[in-house]
Amino acid sequence: HQDSLLAAHLMEANAPSVELYLLDISQPLLSCAYQHAVDRLAAMPHVKVWAIQGNFHYLPLHIESHRSITPRRSRRLITMLGGTLANLDHEPRFLRQSLLACAADDLLLLDVPLVSAPCDEPLQIKARDRLFAGGVPAPYATWLGGPIWRHCKEVERVDFHWRLETRCPVPGSYALHAVATVQSSRCADRQFSLFRVARYDPTRLTECLSELGWNEVAAIPYGGEHSLQLYRKRADGRPEAGR
């Protein structure tokens with residue numbers, strides 16, 4: 001929904017044309033996203049919508065096999081909205097390897113959850129981070145516990161709690177892991193980490209992106225706990241003056 005709205009705003013800002021590539025590994029989700037985008041953008045004849053079923057960890061393959069239909073190469077905007085960035089196991093590795101096909105002046109738009117306290121102050125994080133302090137929400141627990149109840153025999157109870165990780169790949173960041181404790185009378189309790197969501201220091205994240213060849217263009221905080229951050233791919237491997 002956010003990507004479709006962004007495409008509409010680009011057209012309203014006098015972009016000559018937009019090609020919207022929707023990529024998801026889930027066919028049902030992709031079908032819903034495609035139908036929504038087509039319906040939302042139907043009144044804009046210069047918008048082309050593509051649906052690509054695939055793994056975004058292999059993004060270079062998809063970029064090369066779905067080149068622009070326009071005669072000349074257009075600037076690409078890679079969007080990672082919602083929890084996409086924050087759910088990755090190793091953000092720098094993904095940004096380094098999965099964005100290999102990006103060229104100079106391509107753009108990267110990230111939705112960034114912000115740290116509530118420095119990563120080296122775990123007690124402050126646990127007190128200030130609203131998600132951690134409130135425990136794993138019931139809707140999260142229902143969603144994450146579904147596979148356990150469906151596929152693990154003789155489960156009697158599943159409890160969730162957050163586990164804090166402060167040594168993360170992006171400097172200054174920390175992550176919350178939703179850990180399920182599974183109880184059964186037939187065996188000892190078992191624990192499974194089922195979900196990860198990270199928080200970032202925006203300055204340290206920008207430094208990390210700069211080392212990977214991306215310069216910050218703009219950063220817009222919103223909601224008190226998030227920031228939209230836009231980056232541009234450099235032509236060479238060196239930071240620009242003043243960065």
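The values are calculated or read from the model by the stated rules, or taken from the named source; none is laboratory data. Computed from a prediction, not measured in an experiment: that's the story for all the values here. Note that we place each Cβ from the backbone using ideal geometry, even for glycine, and neighbour counts take in every protein chain shown. Note: areas computed on protein heavy atoms with side chains; ligands, DNA, RNA excluded. Shrake-Rupley method; radii C 1.70, N 1.55, O 1.52, S 1.80 Å.
Charges only on Cβ, +1 for Lys and Arg, -1 for Asp and Glu: so what's the dipole of the chain about the Cα centre, in debye to the nearest 20?
Using Cβ point charges on Lys, Arg, Asp and Glu, the chain gives about 340 debye.
Along the charge dipole of the stretch 178-218, Cβ charges K/R +1 and D/E -1, which of A198, V179, A218 sits furthest on the positive end?
Positive-most Cα among the choices belongs to V179.
In the P(r) worked out for the chain, what percent of Cα pairs fall beyond 22 Å?
Beyond 22 Å sits 62 percent of the P(r) for the chain.
So, in nm, how far is label Q53 from label S193 when the simple model puts each one 7 Å beyond its Cα toward the Cβ?
Those two pseudo-labels are separated by 3.1 nm.
Tell me, what is the FRET efficiency for R157 and R128 to the nearest 0.05, using R0 = 25 angstrom and their Cβ-Cβ distance as r?
Efficiency for this residue pair is about 0.25.
Accessible area per residue for the chain in Å², computed with a 1.4 Å probe and the full protein assembly in place, what is it?
58
Rounded to the nearest 500, what is the chain's calculated 222 nm mean residue ellipticity when only DSSP H runs of at least 4 contribute -39500 (n - 2.57) each, over all residues?
The per-residue figure over the chain is -8500 deg cm²/dmol.
Hey, what angle do you get for helix 2-12 against the long axis of the chain, alpha-carbon based, 0 to 90 degrees rounded to 10?
Approximately 20 degrees, to the nearest 10.
Roughly speaking, to the nearest percent, how much of the chain's 1.4 Å accessible area is carbon and sulfur?
54
Would you mind calculating the gained length between R167 and L10 on full extension (0.36 nm times residue separation, minus the Cα-Cα distance), in nm to one decimal?
Separation in residues times 0.36 nm, less the Cα-Cα distance, equals 52.7 nm.
Toward the positive end of the charge dipole of the chain, about the Cα centre and with charges on Cβ (Lys, Arg +1; Asp, Glu -1), which of C32, I63, H9 goes farthest?
I63
Run the numbers for I148 and V217: contour at 0.36 nm per residue of separation, minus the present Cα-Cα distance, in nm.
20.5 nm
Please compute the modelled spin-label separation between L107 and R204, points set 7 Å along Cα→Cβ, answer in nm with one decimal.
Modelled inter-label distance: 2.8 nm.
Compute the longest continuous run of the chain that contains no exposed GluC sites (Glu not before Pro); treat a site as exposed when its DSSP state is not H, G, I, E or B and it has at most 16 other Cβ atoms within 10 Å.
My reading of the result: 1-153 is the longest stretch.
With +1 on each Lys and Arg Cβ and -1 on each Asp and Glu Cβ, how big is the dipole of the stretch 40-151 about its Cα centre, in debye rounded to the nearest 20?
500
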